[in-house]
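The values are calculated or read from the model by the stated rules, or taken from the named source; none is laboratory data. Just so it is clear, the model here is predicted, and its values are computed rather than measured. Because the Cβ atoms are built from the backbone with ideal geometry, glycine has one as well, and the counts that use them run over all protein chains shown. Surface areas here come from the heavy atoms of the whole protein model, side chains and all, with no ligands, DNA or RNA. Shrake-Rupley method; radii C 1.70, N 1.55, O 1.52, S 1.80 Å.
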Amino acid sequence: MAAKSRPSFSQNSRLFYLLCFAVLLSCEILIGLFVHDRFVRPYLGDLLVTVLLCCLLRCIWPNRPRALWLYVFCFSGAVEFLQLWGLADRLHIQNKLLRVLLGTTFDWKDIACYFCGCLLFGLAEFLLRRHKLG
């Protein structure tokens, strides 16, 4: 009788990150639809979106790259600097959802929030891997 094969670390971690992605996506949608304040939406929302991206990418690459959080921060920063350049306006993008995803205003505070979110993800991953939980 063949022994049952256990899911590999990659399979377990993909499911873990997929669950985290789904929860964070739900939070982001709720924030976008119902929260219109001066803290949660602009700061916590920006922090969570980088963690959301990290989780999504970790579903694809469960074990590599180790510094995924750094790549996501660089990507987020690049998108923010494209806002400084006025990408959405220069491309004459009228679609409201696409304008929200790209953003239309540059703010250094957004970059700080992205950095905090990426750092939080990197720290959480370090602790999970250290304790072999994720």
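Computed quantities for the displayed model
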item: Matching residues, the stretch 16-36, being surrounded by 13 or more Cβ atoms within 10 Å (Cβ to Cβ) and over 16 Å from the mean Cα position of the chain (by Cα); result: 35
item: Number of the exception - residue 111 against (1) open to solvent by 90 Å² or more (accessible area, probe 1.4 Å); (2) modelled with pLDDT of 95 or more; (3) among the β-branched types (Val, Ile, Thr); result: (1)
item: Of all residues making up the stretch 114-134, the number that are over 17 Å from the mean Cα position of the chain (by Cα) and modelled with pLDDT of 90 or more; result: 1
